[in-house]
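Taking it in order: structure first as structure tokens, then the write-up.
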Amino acid sequence: MKVVLENVTKIFPPRNKREKEFMAVNDFTFTVPDGKLIGLLGPSGCGKSTTLYMISGLQKVSGGKIYFGDNDVTNLPAESRGVGLVFQNYALYPHLTVKQNILFPLQNLKGSEKLSKKEMLERAYQAAKLVQLEELMERKPNALSGGQQQRVAIARALVKMPGVLLLDEPLSNLDARLRLQTREEIRRIQKETGITTIFVTHDQEEAMSISDMIVVMRDGVIQQVGKPQDVYDNPTNLFVAKFLGTPPINVFNGEVKGGKLYIGEECVLEVAGVADQPVTVGIRPEGFIPAEDGAMTCNLTNLEIMGRDASVVATHPASCNPTIRSIIDGDCKIDTASATVRYNLKPHKVFLFSKENEKRIEVAAQNNDDFLTAALKLKYSKS
Amino acid sequence: MVGSKKPWKAWLYLSPAIVLLLIFTVWPIINTVRMAFLEGYNALAVAGGKKFEFGFANFVNVIEYRDFVTCLKNTVLLCVLTVPISTFLALVISVCLNAIKPFRRMLQTIFFLPYVTNSIAIGMVFAAMFNMVGRNIGGKNELILTAGIINNVIEFFGGQAINWINKGSSEVANMTVMVIYIVWNALPFKILVLLGGLQSVNKQYYDAAKVDGTSRLRTFTRITVPLLSPMITYVVITGFIGGFKEYSSIVGIFGEKMGPTSNPYRLDTMVGFIYRDLANQQGRASAAALILFGIIFVVTMLNLYISKKNTHY
């Protein structure tokens with residue numbers, strides 16, 4: 001079932017006279033395609049959870065429409081929407097066993113949907129099998145680990161076969177190892193069931209790794225929608241560029257003069273077709289190639305070798321952050337005794353943003369250029 | 001730890017409380033047990049230098065006392081009637097209070113008022129509410145001048161005025177008044193405890209129930225009540241203990257004679273019996289107190305046993 005959000009808005013009234021009303025979600029329009037896994041991504045307080053709760057019906061919309069398939073559910077209470085919701089801290093009923101917890105939504109069914117005891121048990125065991133919980137059916141939630149509780153919560157949400165599955169920060173209460181495991185688990189379950197799934201997270205890595213599509217939000221407004229890789233490769237503004245990627249993107253103050261990009265005094269890249277102006281430059285950590293005669297000179301602080309690759313920590317006077325972090329191949333030789341390190345840049349890892357509105361400035365042909373030829377060109381143009 | 005170095009300091013600080021407890025709680029308990037087993041113990045006789053035999057005569061005396069069965073029956077009846085009613089009502093009221101936002105604080109205060117008001121005083125107000133004023137009430141040429149507010153209400157709806165507590169009133173009427181009064185008086189504490197419990201229940205359980213399409217009744221019986229079960233157990237146990245000690249409420253309404261003038265001591269209770277015996281039959285009073293203690297002990301254990309079977313977390 002597809003989920004359509006049309007100009008959905010949520011305004012929280014002021015709690016007292018001194019406060020102003022708060023616009024949590026502003027004109028949210030987005031269609032979740034049927035059977036896809038969508039990640040709602042954004043920093044804390046950006047309205048992503050509110051959006052999720054509006055889809056579930058636990059929060060009423062202040063404006064706009066929500067459709068499940070072709071049905072308008074905007075004014076339908078949560079009870080009648082038939083969504084499955086997994087809460088951040090799972091909200092498993094502590095006095096019921098795993099089995100009773102999973103059975104609970106089924107026992108609520110009335111009228112023609114009512115199931116016999118045997119059917120209910122069958123369905124419950126089916127759901128338990130899907131999340132691999134059959135062994136633990138008689139346990140109480142507090143006798144389970146965090147990951148197991150999480151799976152019970154998912155089973156409870158899935159057992160009534162909802163058209164939409166909503167997950168609120170599903171991994172935030174798990175430790176790092178379990179997080180990796182569980183996110184793959186969520187992906188597997190979603191693929192097996194084919195249920196349209198929307199999950200909320202502030203962890204970009206989590207969203208990127210399992211989503212079919214991500215929606216990046218900020219202050220209640222959608223910033224960008226797309227496949228994770230596309231959003232990462234083509235951020236529409238500085239916020240999205242900064243938000244996606246670990247380690248985060250390096251940001252510099254730069255200037256475009258005569259089709260060339262300057263950071264500090266150095267000309268680092270050719271940027272054809274961009275008008276002369278001061279710009280904010282974002283360079284992904286993997287966008288640096290160490291080279292003895294590189295175009296960009298940074299002051300070397302530290303080299304962290306992490307096995308497969310190495311992370312170079314450096315500083316640059318034009319950097320907006322205290323340090324610059326670049327990820328380079330572990331085989332690259334960096335002279336740690338040297339005070340400076342020089343880089344060439346991969347053009348498709350360098351983004352320009354307007355100083356005025358932080359919007360992306362497109363660089364013509366930049367993405368088509370092989371970075372090596374670009375680097376070579378630069379070398380010749382210099383000499 | 002600092003405390004383990006100078007344990008005498010801790011004892012020093014505790015000593016005022018310990019001394020008071022020893023004098024006013026521990027010693028009386030020991031003394032009660034001692035008096036209960038001294039046959040025919042009497043404080044005046046002690047002053048006269050009399051010695052008493054050790055034995056069970058006091059207990060036999062209690063059981064053989066003609067009003068003992070009445071006392072026991074009234075005590076148990078009041079407990080069995082009022083505790084479930086007041087617990088259920090308190091549960092419903094606290095759930096309602098928890099659900100509303102405006103006036104909650106005001107209503108909370110109103111519901112809490114009986115707790116801070118003297119039970120004798122409230123008893124007198126209740127007596128006035130259920131009272132009838134007139135001549136020969138319950139007698140032959142009955143003439144009612146004014147009935148209490150309760151009867152006024154009954155008459156307003158076209159009913160017959162009922163003789164609740166006056167001369168010639170029936171035992172059922174008397175008991176009804178007592179049950180209403182005790183339930184009303186027991187509500188505030190129970191509401192306080194249950195409301196506190198409700199406010200500590202994670203709201204997400206209710207959100208989860210809502211998303212799963214749970215009806216209100218089912219949410220109440222399958223989620224609220226189980227989650228509140230520790231508090232419910234607590235108010236039921238304290239309710240039974242309080243109920244077995246029922247005395248001042250009856251005195252508040254019916255006066256010292258614990259019954260309508262036509263049937264004095266009809267509503268006598270165990271504590272009433274103990275109090276009256278304290279004047280000159282301390283041995284028998286002590287024995288009755290020990291019997292009451294035994295009953296409360298057994299009932300509390302039973303309560304705990306049942307609630308342990310039903311509380312799961």
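The values are calculated or read from the model by the stated rules, or taken from the named source; none is laboratory data. Predicted model, so just to flag it, every value in this text is computed and none were measured. Note: ideal-geometry Cβ built from the backbone for every residue, glycine included; neighbour counts use all protein chains shown. Accessible surface is based on the protein model in full, side chains and every heavy atom, while ligands, DNA and RNA are left aside. Shrake-Rupley method; radii C 1.70, N 1.55, O 1.52, S 1.80 Å.
Computed over the alpha carbons of segment A:151-206, Rg followed by Dmax gives 11.0, 30 Å. Each eigenvalue of the Cα gyration tensor of chain B, multiplied by 5 and square-rooted, gives one semi-axis; in descending order these are 38, 35, 18 Å. Residues of segment A:57-96 with an amide N closer than 18 Å to a point placed 7 Å from the Cα of A:E138 along the Cα-to-Cβ direction: A:95-96. Assuming charge only on the beta carbon of Lys and Arg (+1) and of Asp and Glu (-1), the dipole of chain A about its Cα centre is about 1320 debye to the nearest 20. For segment A:248-382, the solvent-accessible area with a 1.4 angstrom probe is 51 square angstrom per residue. Note on chain B: with a GNM built from Cα contacts shorter than 10 Å, the maximum mean-square fluctuation among B:V19, B:V60, B:V183 falls on B:V19.
Taking R0 as 60 Å, what FRET efficiency do you get between B:L22 and B:K167 from their Cβ-Cβ distance, rounded to the nearest 0.05? The pair B:L22/B:K167 has a calculated efficiency of 0.80.
The stretch between A:S112 and A:F22 holds 28.2 nm of extra length on full extension. This uses 0.36 nm per residue minus the Cα-Cα distance.
Taking the longest Cα principal axis of chain A as reference, the axis of helix A:117-130 is set at about 20 degrees. The simple spin-label model puts a point 7 Å past each Cα toward its Cβ; for B:N118 and B:V298 those points are separated by 3.7 nm.
Quick test of the membrane-span-like rule: which DSSP H helices of chain B reach at least 30 Å along their long axis (C-alpha atoms) with mean Kyte hydropathy at least 0.5? Qualifying helices: B:68-99, B:171-199, B:282-310. Diffusion coefficient of segment B:66-203 by Stokes-Einstein, Kirkwood radius over Cα pairs, 4 °C, 1.567 mPa s: 75 µm²/s. Around the Cα centre of the protein assembly as shown, unit charges on the Cβ atoms of Lys, Arg, Asp and Glu (plus for the first two, minus for the last two) sum to a dipole of about 2320 debye. Where does helix A:98-107 land angle-wise versus the long Cα axis of chain A, in degrees 0 to 90, nearest 10? Once rounded, one gets 70 degrees.
Note on B:V125 and A:A275: the model spin-label points, each 7 Å out from Cα along the C-beta direction, lie 8.1 nm apart. Report the FRET efficiency, 1/(1 + (r/R0)^6), for A:T246 and A:S80, where r is their Cβ-Cβ distance and R0 is 45 Å, rounded to 0.05. According to the calculation, E is roughly 0.65. Only protein chains counted, 1.4 angstrom probe. Which residues of segment A:20-63 are at least 40 Å² less accessible in the assembly than when their chain is isolated? Correct list: A:L58. Of the accessible area of the protein assembly as shown, with the probe set at 1.4 angstrom, what percent is carbon plus sulfur? That fraction is 59 percent. When restricted to Cα atoms, the protein assembly as shown yields an Rg and a Dmax of 38.8, 131 Å, respectively.
Here the average projected area of the convex hull drawn through the C-alpha atoms of segment A:248-382 stands at 7.9 nm². Quick one: plug the Kirkwood hydrodynamic radius of chain A (C-alpha pairs) into Stokes-Einstein at 10 °C, 1.306 mPa s, and report D in µm²/s. Translational D for this selection: 68 µm²/s. Shape summary of segment B:82-138, radius of gyration then Dmax from alpha carbon positions: 16.2, 51 Å. Loop sites here are trypsin sites (Lys or Arg not before Pro) outside DSSP states H, G, I, E and B with no more than 10 other Cβ atoms within 10 Å. The longest part of chain A free of them is A:111-307.
Magnitude of the charge dipole for segment B:162-234, about its Cα centre and with charges confined to Cβ atoms of Lys, Arg (+1) and Asp, Glu (-1), is about 120 debye.
Here each label is just a point 7 Å from Cα along the line to Cβ, and for B:F156 and A:D212 those points are 6.6 nm apart.
Among A:V279, A:G294, A:Y343, which residue has its Cα furthest toward the positive end of the charge dipole of segment A:248-382, with +1 on Lys/Arg Cβ and -1 on Asp/Glu Cβ? Toward the positive end, the furthest listed residue is A:V279.
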